[in-house]
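Only the coordinates and a few stated rules stand behind these numbers; no lab work does. This one's a predicted model, so the numbers in the text were calculated from it and none came from an experiment. Please note: Cβ atoms are built from the backbone with ideal geometry, for glycine as well, and neighbour counts cover all protein chains shown.
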Protein chains: 2
Amino acid sequence: MFDFSLQAVDGAARAGTFTTPHGAVKTPAFMPVGTRATVKGVSREQLAELSPQVVLANTYHLYLAPGADVVEKLGGLHGFAAVDFPMLTDSGGFQVFSLGASGGGESKGYKNKESLVKITEDGVEFRSHLDGSKHFFSPESAMETQAKLGADIVMAFDECAPGDSDKRYARRAMERTHRWAERSLARHNELQIERVAAGKHPQAMFPIVQGVVYDDLRAESAKFMAALDVPGVAVGGLSVGESKEDMYRVMDVVAPLLPVQKPRYVMGIGRPEDLVEAVARGFDLFDCVLPTRLGRHGSVFTSAGTLQLARAEFRASDGRIPVVPELETKVSRTYSLGYLRHLVTTDEMLGSTLLSLHNLEFLIKLCEGARKAVLEGRHAAYLAAFWRARGGRP
Amino acid sequence: MFDFSLQAVDGAARAGTFTTPHGAVKTPAFMPVGTRATVKGVSREQLAELSPQVVLANTYHLYLAPGADVVEKLGGLHGFAAVDFPMLTDSGGFQVFSLGASGGGESKGYKNKESLVKITEDGVEFRSHLDGSKHFFSPESAMETQAKLGADIVMAFDECAPGDSDKRYARRAMERTHRWAERSLARHNELQIERVAAGKHPQAMFPIVQGVVYDDLRAESAKFMAALDVPGVAVGGLSVGESKEDMYRVMDVVAPLLPVQKPRYVMGIGRPEDLVEAVARGFDLFDCVLPTRLGRHGSVFTSAGTLQLARAEFRASDGRIPVVPELETKVSRTYSLGYLRHLVTTDEMLGSTLLSLHNLEFLIKLCEGARKAVLEGRHAAYLAAFWRARGGRP
């Protein structure tokens, strides 16, 4: 279980297969996010049609509602949501910092100050964004919660420092993240023994490289996480406000330092250009709420960029969402721009659903296409064609 | 085309088949409502799984947005929404009175006064509930709009007087509805010649019996509509605030006066008990927004009545929506009450979708069960079993 085999490498880009209790994960892969054990606006059958390799859920949200005990009682995430995809939960760390701090009415958001969410060596005290109630996550409790949720892949508890953190703070947060990764892994390994004894499937834990935009910190963090006995490694703290230049440079720094024979997951990226550039740098797994969030706001990915469908010019258009043939989706094949615009402008739920499905399928196919290109030794051409459809690399 | 054949009659209840350009409609049947050319929260594939005999759309809403010309250009309703179910449009009359009057900021709702929506012999002037703009529907224009929308079944333009109208007003509205039915039919017949010449499928027009809760008016209206040369007849102005006793008595009065060999459609009813009682009185077709509206508000039909799923007792429940085996739905088989409650209480779109699907499937199966009972000569037992599950007839 949790073997990773590489089928091909083309430049730095890779095509691999990761084995999980709920099936093989073919990489590169974009993983749809189902925050509260549902990909927003998308049913399990609609999701299954997209053939997602992995589906995410968020520990922070499920911890608050309905509670990890409830999810566990109702069969873990797979039983709860009645799905059989490979699943992944984050540790709750990112949400504690990005959502948890602003919920109590007193704290005004995580501003790189430990005083707002109370960060101690032991863990993080935060307030629920729902009702302001106080809660505490530690590396150990985050792993316990994730063991109850029962995903195939779980994440170490980390501190995601803001993208504009100064270097002094970035180092402190990184070093704490390293200590927390070791504590997460220790507790995770104990929990796996309990899970197996209870007849439950095992889970894989991925630690998370941090270090904000500082190359030396990122290198140090990558080497630290690469040395842990885990089946995969993630990179966090990207797409959190830093420039694209910083994001891609961090990827350039980190990728060569990660084990070749483990899947590499860049957390929280979902812009098409970021996916293809990350694949080109040797990363394998990605997730983001962007495709569903854009979909709920009336925007779709196209081969030329993002398009807002509410525009008046689409009112009577029998055209389709403009995508190259390889990125055609069921939605782009089935519906006119006129119908999609009608659903968007009249605020019909189906508009959110169809646009979310299109955006998810677009990203999933983008990664499938990259995989195929790697297998056929033409990844450079694939990347060049992507940018050509965009009108050139910026 | 538009033949209606009866397969069986059991007491007053009937099992029939109505032929339309998009397939045969097996009755009795509940018809889901897709107001703006989408059943709220439900995709075409999810809808197809429910095997709906007919799907509705609302002329008033589509006239305002995106406009009948746009729908026509994009292939009529079937092309626009990319569906091939038999479809039905209402005439817009009901919405003009129930929605149109309150949109202008000046008028305070249709209160049985012709001064709010301006009703003349020619037609109705109303304001858009979206932007307050003024519009005018006549029997002729309503049929022209419906010809552009291109449903299989279209409805005559009528005046749906409020359920508390006095008899004097009820008679005036009814007589106007009779004159409008004749004008609707004349224009409809002209439009059908144009449609056929243009290679488009023909449409059937149903006139609408009115008369509020006054038995003599209802009888007079039923006889008038029964004499028209049309393939089916509808009953309007029910479930608009009158008592159940009044509703069922009006059905008792009207049904025996309608042609045996034409389908009979009661507009706007969707409570399970109203459907089974209407079937028992010899009606064949029904529509209502209730199943999807209840679904969006967290409520489901059960065999014992309506159930609100947000209740705290369902938080960790691995039980299912309680229905008798014949009324099990895909949703009731697949999801725990705990998961459904989680979706409802966290306001996830999927909650609205799943509960809407359950409620629609429940009503569709209720009618399918009634049809089967009629075919097998045990409709009285079917009706008795329905009420037994409810704990007795009120």
Rank these for me by crowding, A:129, A:78, going from fewest to most other beta carbons within 10 Å. A:129, A:78
May I ask you to derive the FRET efficiency for residue A:393 and residue A:324 from their Cβ-Cβ distance with R0 = 25 Å, giving the value to the nearest 0.05? 0.90
Value at 222 nm in deg cm²/dmol, rounded to 500, when DSSP H runs of n ≥ 4 in the protein assembly as shown each add -39,500 (n - 2.57): -12500 deg cm²/dmol
Taking the dipole of chain A about the Cα centre (Lys, Arg +1; Asp, Glu -1; charges at Cβ), the one of A:343, A:191, A:226 that reaches farthest to the positive side is A:343
Which of A:261, A:329, A:33 sits closest to the plus end of the dipole of chain A, meaning its Cα is farthest towards the positive end, when Lys and Arg get +1 and Asp and Glu get -1 on the C-beta? A:329
With charges only on Cβ, +1 for K and R and -1 for D and E, what is the dipole size of the protein assembly as shown about its Cα centre, in debye, rounded to 20? 240
Quick note on B:90, B:246, ordering by fewest other C-beta atoms within 10 Å, gives B:246, B:90
If r is the Cβ-Cβ distance from residue B:24 to residue A:201 and R0 is 41 Å, what FRET efficiency results, to the nearest 0.05? 0.25
Which residues qualify? For residue A:16, with a placed amide H closer than 5 Å and at least 5 residues away or on another chain, they are A:7, A:27
Taking the Cα atoms of chain A alone, what are Rg (to one decimal) and Dmax (as a whole number) in Å? 20.4, 61
At 7 Å along Cα-to-Cβ for each site, give me the label-to-label distance between residue B:9 and residue B:306 in nm. 3.4
Once each part is reduced to its C-alpha centroid, what is the distance from segment B:48-69 to segment A:282-324 in angstrom? 25
Furthest towards positive pole of dipole, A:301, A:375, A:386, structure part segment A:296-389, Cβ charges: A:375
For chain B, set up a Gaussian network in which alpha carbons nearer than 10 Å are linked by springs, and say which option among B:377, B:237, B:268 fluctuates the most. B:377
Using each residue's phi in segment B:27-43, evaluate 6.51 cos²θ - 1.76 cosθ + 1.60 at θ = phi - 60° and report the 3J(HN,Hα) Karplus result to the nearest Hz, with x for Gly and Pro. 10, x, 8, 8, 10, x, 9, x, 2, 9, 6, 7, 5, 3, x, 10, 7
Starting from 0 in steps of 10 Å, tell me what percent of the Cα-Cα pairs of segment B:295-389 lands in each bin. 17, 47, 24, 11, 1
By the DSSP-based rule, helices of chain B that are at least 30 Å long along the axis (C-alpha) and have a mean Kyte score of at least 0.0 are B:349-375
Cβ nearest the rotation axis (A onto B), residue from chain A and distance to the nearest whole Å: A:349, 3
Distances in nm from residue B:261 to the matching label points in the other copies, shortest first (labels 7 Å along Cα to Cβ): 8.2
If each label sits 7 angstrom from Cα along the C-beta direction, how far apart, in nm, is residue B:293 from its counterparts in the other copies? 3.5
Build a GNM of chain A with springs between Cα atoms under 10 Å: which of A:208, A:153, A:321 gets the top mean-square fluctuation? A:321
Note down the net charge around residue B:135, summing +1 for each Lys or Arg and -1 for each Asp or Glu among other residues with Cβ under 9 Å from its Cβ. +1
Copies compared at residue B:169 - label distances in nm, ascending, label defined 7 Å from Cα in the Cβ direction: 6.6
Under-5 Å amide H pairs with residue B:40, H placed in peptide plane, nonlocal only: B:35
Multiply the residue separation of residue A:260 and residue A:65 by 0.36 nm, subtract the distance between their alpha-carbon atoms, and state the gained length in nm to one decimal. 66.4 nm
Going by a ≥ b ≥ c, the root eigenvalues of the Cα gyration tensor, does segment B:116-170 fall in the rounded group (a/c under 1.5), the prolate group (a/b larger than b/c) or the oblate group? oblate
If the elastic network links every pair of Cα atoms under 10 Å, which of B:163, B:295, B:11 fluctuates the most in the Gaussian network model of chain B? B:11
Spatial separation of Cα centroids for segment B:183-229 and segment B:367-385, in angstrom: 30
Ranked list, fewest to most other Cβ atoms within 10 Å of each Cβ, for A:184, B:165: B:165, A:184
Karplus couplings for segment A:69-81 from phi (6.51 cos²θ - 1.76 cosθ + 1.60, θ = phi - 60°), rounded to Hz, Gly and Pro as x? 4, 5, 4, 4, 4, 8, x, x, 4, 5, x, 4, 8
